[in-house]
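The values are calculated or read from the model by the stated rules, or taken from the named source; none is laboratory data. For clarity, every value in this text was computed on a predicted model and none was experimentally measured. Positions of Cβ are generated from backbone atoms using ideal geometry, with glycine treated the same way; all protein chains shown enter the neighbour counts.
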């Protein structure tokens, strides 16, 4: 996580007093002719006024990525007062889609993206929007994600990009890319979490009636891609059990016995249901729970480590820093009690 994480203003009175000196992050969403209504609506919804009980989390700005009428192939149209100049002071610039893989975007758009990147804005490509970032040269020698169906085409066009077709989304510091369709929601929620912490991101997810957190490295094309609840009743019960016993040590043999499967069958069924291994799932859950405790309590790092299942605070610090690029104390300073409003 970069130093551009911003502290949320909590109450309406505080917002009124501070609005001249502290503004919500500006999110510029690019619109093009023949846009995809679903992909376009994802960032507009997540970064729009989604929590009516509090001040806006973000200042949403729709920007025309090219001149002329912006119309989807279904007949919907978009009108906006912003063109590419709307990117000049944006904190987040999002390319939600691109209409044709073999079409190089206009150079004015590519230059605007490069300039936004150079001044420190986060640049996001959702689904085929990754192509636009690649055409702009922002993904050279970086890891990236796009829809798995376009793997061979993307690799052929951009051999200097390290494409990960198994990832829901990839964060390479300033440049974030995601896979197709629902992965765009996961990526946008991940960005909300970066700016406002897990409590606010979870409120946004509940408002959308979607799972609050999916790890970026989770497989994008598994049969049942939501790890919170699966179609396997025994795995569902086990996930509930594990969430309420994160502080304990769990072995594959004991867990397999609990769901009345062989170890081999259990590991296969667990991965099919969640997209990740038992160890990866436990680590993600423990880190997410540690975020929540850092934000909502004054417990020490050693106490939190014990409650979420790490052997000691050093282990928590190591895994936390590796996953979120900040220390637990830095996370707490940024997000402590921001969910209370």
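Figures for the structure shown
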{"item": "Test: residue in the range 309-332 that is within 23 Å of residue 257 (Cβ to Cβ) and buried (at least 16 other Cβ atoms within 10 Å of the Cβ)", "result": "yes"}
{"item": "Residue among 183, 167, 205, 201 that alone is within 12 Å of the chain's Cα centre (by Cα) and in a loop (DSSP other than H, G, I, E, B)", "result": "167"}
{"item": "Residues being assigned to a helix (DSSP H, G or I) and modelled with pLDDT under 95 - total across the range 57-100", "result": "0"}
{"item": "Some residue of the range 321-329 being touching a residue at least 40 places away in the same chain (Cβ under 8 Å), outside any helix (DSSP H, G or I) and under 22 Å from the mean Cα position of the chain (by Cα)", "result": "yes"}
{"item": "Among the residues listed as 247, 298, the single one being outside any helix (DSSP H, G or I), surrounded by 13 or more Cβ atoms within 10 Å (Cβ to Cβ), more than 26 Å from the chain's Cα centre (by Cα) and assigned by TED's automatic domain parsing to the domain that holds residue 232", "result": "247"}
{"item": "Of all residues in the range 24-56 being part of a loop (DSSP other than H, G, I, E, B), closer than 20 Å to residue 87 by Cβ and in contact (Cβ under 8 Å) with a residue 60 or more places away in the chain, the one that is nearest to the chain's Cα centre (by Cα)", "result": "47"}
{"item": "Check on residue 114, surrounded by fewer than 21 Cβ atoms within 10 Å (Cβ to Cβ), under 27 Å from residue 155 (Cα atoms) and assigned by TED's automatic domain parsing to the domain that holds residue 192", "result": "yes"}
{"item": "Residue count, the range 137-153 (criterion: surrounded by fewer than 23 Cβ atoms within 10 Å (Cβ to Cβ) and in contact (Cβ under 8 Å) with a residue 12 or more places away in the chain)", "result": "11"}
